[in-house]
Amino acid sequence: MNYVQAVEAPERNTGQIKLHDRAQAFAGMHAAGKIAAGCLDMLAAEVRDGVTTARIDDLARQYVFDHGALPACVFYRGYRHTVCTSLNHVVCHGIPGDRVLRSGDILNIDVTAIFDGWHGDTSRMYAVGDIPRKAERLMDITYDAMMRGIAAIKPGATLGDLGYAIQSYAESERLSVVREFCGHGLGRIFHDAPNILHYGKPGQGEELKPGMMFTVEPMLNLGAPGVKVLADGWTAVTKDKSLTAQYEHSIGITEDGVEIFTKSPAGIDQPHKTPG
Ligand code: MF3
Ligand code: CO
Ligand code: CO
């Protein structure tokens, strides 16, 4: 795989890794990331016993529109909602609907906002009422695994270093890493090269360079790593029905490290720690 200056690349996934060297690109990603993160902040007060996932989706759509942005998932490959709402053993791509949140549920909400052409893609875990200790531990470790992955990102490191940081930590805590879904380059397009695997070996894979922008979005399971997609074509669940969790940030690589575009403006980066 090779690299291309983003300004010279066609605006689609050509398989090349785009390098964004303009301050304007980073400013655009920070603005889009702030709207997506602000949306997840707003939802922290709305996730509670008795609320439907469709209601969460309605609130997210309104928030995104109210901030002059577009929901990237609406009409994306036939998807029709602003967010994915993935409950308990749903790994990702859960579809909002009439399911009512109940005390004891854990929920991932994943939102992508497009602002001025740039994509901000982020997800967090939420706890509904009292949840089992093992669910809390799973969510804590998933957040920490994402942050360890991000901490491994710097020019000269490799994608394998990033994957290894996540996998070695998750497995040392007796959790498994989902293989079927990965992070992705993003910028002016939603899902771009490269794929960001959440497992790997030190020193392997593409070299990380300033100007790369991508997501880090590990999915960790309490049980086995296997997943399957339900007949709706979207909902991915753990094969063994074990609990699963995911956190996601969008980041950009600078000359000396990494910037997170989707940090919580309200400081609620881990809403699961304050159950609603
Ligand atoms: N936001 C998801 C991601 O992290 C993608 C969801 S695509 C959808 O890449 F169509 F399911 F919404
Ligand atoms: Co996402
Ligand atoms: Co993503």
message: Taking R0 as 22 Å, what FRET efficiency do you get between K263 and D140 from their Cβ-Cβ distance, rounded to the nearest 0.05?
response: 0.75
query: Taking Cα centroids, how far is segment 127-172 from segment 50-97 in Å?
result: 24 Å
field: Additional length obtainable on full extension of the chain from S172 to T274, 0.36 nm per residue less Cα span
entry: 34.1 nm
message: I'd like the accessible area for R12, computed on protein heavy atoms only with a 1.4 Å probe and all protein chains in place. Round to 10 Å², please.
response: 140 Å²
query: How much accessible surface does F115 have with a 1.4 Å probe, in Å² rounded to 10?
result: 70 Å²
task: Would you grab the residues whose amide H sits under 5 Å from the one on I17? Only those 5+ places off in sequence or on another chain, please, with H modelled 1.01 Å from N.
output: N2, Y3, V4
- prompt: Ignoring ligands, DNA and RNA, how do S103, S242, S168 rank by accessible area with a 1.4 Å probe, largest first?
  reply: S103, S168, S242
- line: Length gained, V4-Y79, 0.36 nm per residue minus C-alpha separation, equals 24.0 nm
- request: Just need log10 I(q)/I(0) for segment 56-200 at q = 0.20 Å⁻¹, Debye formula, equal scatterers on the alpha-carbon atoms, no solvent, rounded to two decimals.
  value: -1.34
message: Could you report the accessible area of H20 in Å², rounded to 10, computed with a 1.4 Å probe on the protein chains as they sit in the structure?
response: 20 Å²
- request: Could you order peptides 128-136, 94-102 by the average number of other Cβ atoms within 10 Å of their residues, highest first?
  value: 94-102, 128-136
query: Per the Debye formula with a single identical scatterer at each Cα and no solvent contribution, what log10 I(q)/I(0) holds for the chain at q = 0.12 Å⁻¹?
result: -0.67
- prompt: So between K201 and E180, what do we pick up on full extension, going 0.36 nm a residue minus the alpha carbon distance?
  reply: 5.8 nm
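The values are calculated or read from the model by the stated rules, or taken from the named source; none is laboratory data. Keep in mind that what you see is a predicted model, and the values were worked out from it rather than measured. Positions of Cβ are generated from backbone atoms using ideal geometry, with glycine treated the same way; all protein chains shown enter the neighbour counts. The area values use the complete protein model at the heavy-atom level, side chains included, leaving out ligands, DNA and RNA. Shrake-Rupley method; radii C 1.70, N 1.55, O 1.52, S 1.80 Å.
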